[in-house]
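Remarks on the structure that follows.
The values are calculated or read from the model by the stated rules, or taken from the named source; none is laboratory data. What you see is a predicted model, and the numbers here were worked out from it, not measured in a lab. Every residue, glycine as well, gets a Cβ built from its backbone with ideal geometry; the counts of neighbours run over all protein chains shown. The accessibility values were calculated without ligands, DNA or RNA, using every heavy atom of the protein model including side chains. Shrake-Rupley method; radii C 1.70, N 1.55, O 1.52, S 1.80 Å.
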Amino acid sequence: MPQTRPALLALEDGRFFRGRSFGAEGETFGELVFSVCMSGYQASVLRRNGVEVRKVPKLSERTHGSTERSIVELITDGDIDLVFNTPGSSEASPRRDGYLIRTTAVLADVPCVTTVAGLTTAVQGIEAQRRGHLATASLQEWAALQG
């Protein structure tokens with residue numbers, strides 16, 4: 001188990017919350033609020049660390065006769081705005097689930113991020129957009145600015 005470090009969350013209203021860090025190390029200022037839906041053990045990990053998560057089943061996790069919608073159905077129905085799904089396991093069902101989740105996201109025109117680095121970049125882009133500091137440039141323009 002990776003070692004955690006002390007963490008501090010300071011809110012604008014002056015409240016402070018101390019805890020233990022998990023995930024990527026860093027420092028940021030600002031606010032992003034997401035409603036998080038997850039499947040599998042990841043939802044349990046986030047819940048244990050105080051993150052409010054709605055646990056939804058993958059297709060392979062649904063039990064016979066269940067009326068609960070799977071993550072694929074939520075994407076198809078337009079209830080999901082961003083998918084973060086990392087391809088991984090070599091087991092048949094999880095691999096099939098991941099393929100279906102990513103394919104459904106593409107067909108539903110929902111952004112799909114498949115790496116932690118990509119998710120970090122997406123969050124930074126969302127933060128920049130909300131602050132009004134988002135600009136676009138071609139690679140050539142960016143290279144020219146770098147000198």
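With respect to residue 66, determine if the residue is in contact with a Pro (Cβ under 9 Å, 6 or more places away or on another chain), of a type in the set (S, T, N, Q) and under 24 Å from residue 111 (Cβ atoms). The answer is no for residue 66. Taking the criterion of being open to solvent by less than 70 Å² (accessible area, probe 1.4 Å), at pLDDT below 80 and assigned to a helix (DSSP H, G or I), the residues of the stretch 48-106 that qualify are 59, 60, 93, 94. Entry remark, the stretch 121-147: residues being in a helix (DSSP H, G or I), out of contact with any strand residue (DSSP E or B) (no Cβ under 8 Å at 6 or more places or on another chain) and either open to solvent by 60 Å² or more (accessible area, probe 1.4 Å) or closer than 22 Å to residue 111 by Cβ (or both) number 17 in total. For the stretch 30-47, a tally of residues being modelled with pLDDT of 70 or more, among the polar types (S, T, N, Q) and either in a loop (DSSP other than H, G, I, E, B) or within 29 Å of residue 133 (Cβ to Cβ) (or both) returns 1. Pairs are defined by a Cβ separation below 8 Å, a sequence spacing of at least 6 or placement on different chains, a first member in the stretch 107-131 that is over 14 Å from residue 87 (Cβ atoms), and a second member that is of a type in the set (Asp, Glu); the pairs so defined are 110/81; 111/81.
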